[in-house]
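Chemist: Attaching a single structure in structure tokens format; questions to follow.
The values are calculated or read from the model by the stated rules, or taken from the named source; none is laboratory data. Please read these numbers as outputs of a predicted model, since none were measured by experiment. Neighbour counts are summed over all protein chains in view; Cβ atoms, including those assigned to glycine, are modelled from backbone coordinates with ideal geometry. The area values use the complete protein model at the heavy-atom level, side chains included, leaving out ligands, DNA and RNA. Shrake-Rupley method; radii C 1.70, N 1.55, O 1.52, S 1.80 Å.
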Amino acid sequence: MNPLTYEMHCRLIDTARKKVPATMYFPNVNVLHVYSGIVQRENVWLCGDRIAYVGQDEPLISEKTEVCRLKDHQIMVPAYIEPHAHPFLLYNPLTLGSYLTEKGTMISVNDNSLFMAHFNEKELNAFVHALNQTGLHTWLWWAYFEEGNPAEIDTLSGWLNNPLVMQGGELSHWLPLKFGSPDLYEKLFAVRHSEKRMESHLPGSSVNTLNLFAAGGVSADHESMTAADVINRLNLGYYTAIRYSSIRPDLPVIMNELAIQPGLDLSKIMLTNDGASLPFLKQATHAVMIKQVMDCGISMPDAYRMATLNPAVYYRMDDTVGSLAPGRIADINILESLEKPEPTSVLFEGKWFVRDEDKVMQPSAFSLEHYSNRADLTHLPDACPLQQTTSVGIELQNSVITRPYSFAPDSELAENECLLTYICRSNGMYLNTRIKNFSHALHALGSTYCASGDILLIGQDKQAMANAYQKILDGFQGITAQFDETRAFSIGLDMLGVMSNKSIDALSLEAEQFMDHMKKSGFAFDDPFFCLFFLTELHLPYVRLTPEGIIDIKSAKIIAPTR
């Protein structure tokens, strides 16, 4: 999303005045006006990457004007907007963004936490600027923080000054705020002072907790699990993104309940797949979500607004995106009908990206490898440490929720139990414990794929686990598994150990194969990728792995230390 220069500003006005020829002209096309909800026949003129005019008049045309005549049934709608993306879940920002644009979602607001952990401020700003010069997608960002992260308020304030940063968050640790953390008070004020939005992550929170965060400046939350959760948030002024993700596919159930609420104002509701993992991402596009919303009985205009105008208004950029109106970026989806939200043609910033179902935009030469191929092996032990260090294990309740349990260190593994070794990449500290419900027939799995970037080894065969660790020491990044004597499978993730440079289609096929192997080996739940990634993520209950050991999230106490 390039800023509007004075020269372009003047040219846009002169195009509307018919003093300068339009660069592209769509005569007599159906347009969905999201502000009014009305579909109307219009002439649409473009001036470079902006819409110059929508109405009944005809533009000045030259030999350089591209005149595009759509079929009578086709209809223009604005680009879809993803308000909450995690662009590092096997895929990387470049491959994800290109895929989303192809599917009609041309703008995304992204989690910066992984990149903040690896880049300094100068590198991070250069990285996000370079991405948006590729012409493949519009990447916007949030300013991630929790108590003590980033340690310096200047780091947060500097990042908030970046025009590509739209909000603070997502803020998930509610206990420090409840106890009056000066660190969070200061950071929440920095977000408020920047006049950026602020998002929270508050699953199952009471109205009292929601009040507390709203008082602190939080303006949105994407963790509603029921229609009642949505209404509680709306009542307190929150914008609410409803999810259709691989571990929380709540959208259809919630929308069915909201559809029968008389007079409910839907203008603060948005749609998100919340960083859907592969291969689920391919069935969780905004086109799919809009169709689901309509199937639940929500009106067609409201369904489209949830993916266009509503997030644009929330992020205070509806003067630039979110509608088909003069002065807005020419991000346009062309549909065969409003009942079929997946576009057959996509115009991104006034240029064809997909035309008549054929992708015409050429891949960018830009590579993320310069920024993110950083495998640090300096502090890792020379050999796999497999001696038992604790009698506190981790039991999976679902793909991401965990509870502690006790076991006798000298006892045999139960059928649903595996050994689990955690090694901190930054200091070499390790923990040997057990994990339940991950597999009943897994020789070994080695993974650099986790939120912290540390090393996870899981299995029932110590020698196979040692072999997997040696593969990581030899430079492998990603997930490597030996399921039995004949089945082995690896997914290479050369960028920071969590991202691949492969296309979404190629990577999705690998992800599907890995999930199939995991299910056959006894993984008890839906998504092994989220399971691995979130074992070291501190915003989920009830226990997690940290460099200090297994932490009880609610009490913030270490219940099994590392060595």
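Chemist: Scanning for something at pLDDT 95 or above, closer than 30 Å to residue 368 by Cα and of a type in the set (Lys, Arg), does region 50-68 turn up at least one residue?
Modeler: yes
Chemist: Moving to a separate point now. Scanning for something modelled with pLDDT of 95 or more, open to solvent by 30 Å² or more (accessible area, probe 1.4 Å) and either among the polar types (S, T, N, Q) or closer than 26 Å to residue 105 by Cα (or both), does region 14-21 turn up at least one residue? Let's see the steps before the verdict.
Modeler: Initial filter on region 14-21 (modelled with pLDDT of 95 or more): 14-21.
Still in the list and also open to solvent by 30 Å² or more (accessible area, probe 1.4 Å): 14, 16-21.
Applying the additional criterion that residues be either among the polar types (S, T, N, Q) or closer than 26 Å to residue 105 by Cα (or both) yields none.
No, region 14-21 contains no residue that is modelled with pLDDT of 95 or more, open to solvent by 30 Å² or more (accessible area, probe 1.4 Å) and either among the polar types (S, T, N, Q) or closer than 26 Å to residue 105 by Cα (or both).
Chemist: Sort through 66, 82, 102 and tell me the only one that's open to solvent by 10 Å² or more (accessible area, probe 1.4 Å) and either over 25 Å from residue 16 (Cα atoms) or out of contact with any strand residue (DSSP E or B) (no Cβ under 6 Å at 6 or more places or on another chain) (or both).
Modeler: Numbers: 66 fails: either over 25 Å from residue 16 (Cα atoms) or out of contact with any strand residue (DSSP E or B) (no Cβ under 6 Å at 6 or more places or on another chain) (or both); 82 fails: open to solvent by 10 Å² or more (accessible area, probe 1.4 Å).
Checking each option against the conditions leaves just 102.
Chemist: Name the strands (runs of 3 or more DSSP E) wholly within region 391-493 that hold at least 3 residues that are of a type outside the set (A, V, I, L, M, F, W, C), at pLDDT 95 or above and surrounded by fewer than 21 Cβ atoms within 10 Å (Cβ to Cβ)? Walk me through how you get there before you give the answer.
Modeler: Values: elements: 392-396, 402-406, 417-423, 430-436, 444-447, 455-459, 478-482, 488-492.
Counting at least 3 such residues, we get 402-406.
Chemist: Of all residues in region 500-525, which are aliphatic (A, V, I, L, M) and modelled with pLDDT under 95? If you could, list the steps in order and put the result at the bottom.
Modeler: Residues of region 500-525 aliphatic (A, V, I, L, M): 504, 506-507, 509, 511, 515, 518, 524.
Within region 500-525, 524 is the sole residue that qualifies.
Chemist: With respect to residue 393, is the statement that it is in contact with a Leu (Cβ under 9 Å, 6 or more places away or on another chain), at positive phi and not aliphatic (A, V, I, L, M) true?
Modeler: Answer is no for this residue.
Chemist: Looking at (1) in contact with a Phe, Trp or Tyr (Cβ under 7 Å, 6 or more places away or on another chain); (2) at positive phi, can you tell me which one residue 195 breaks?
Modeler: If we test residue 195 against (1) in contact with a Phe, Trp or Tyr (Cβ under 7 Å, 6 or more places away or on another chain); (2) at positive phi, just (1) comes out false.
Chemist: OK, next. Just checking, how many residues over region 173-211 are part of a helix (DSSP H, G or I) and open to solvent by 60 Å² or more (accessible area, probe 1.4 Å)?
Modeler: Summing the residues that are part of a helix (DSSP H, G or I) and open to solvent by 60 Å² or more (accessible area, probe 1.4 Å) in region 173-211 gives 11.
Chemist: Still on this model: List pairs: first in region 449-471 and under 15 Å from residue 532 (Cβ atoms) and in contact (Cβ under 8 Å) with a residue 40 or more places away in the chain, second open to solvent by 50 Å² or more (accessible area, probe 1.4 Å) and assigned to a helix (DSSP H, G or I), Cβ under 9 Å, 6+ apart or cross-chain?
Modeler: Listed by first residue and then by second, the contacts come to 452/117; 453/117; 453/118.
Chemist: Let me ask another. Considering only residues that are within 34 Å of the chain's Cα centre (by Cα) and under 20 Å from residue 453 (Cα atoms), which ones fall in region 379-403? Break it down stepwise before answering.
Modeler: Taking region 379-403 and keeping what is within 34 Å of the chain's Cα centre (by Cα), we get 379-381, 384, 392-403.
Of everything in region 379-403, those that are within 34 Å of the chain's Cα centre (by Cα) and under 20 Å from residue 453 (Cα atoms) turn out to be 379, 380, 381, 384, 394, 399, 400, 401, 402.
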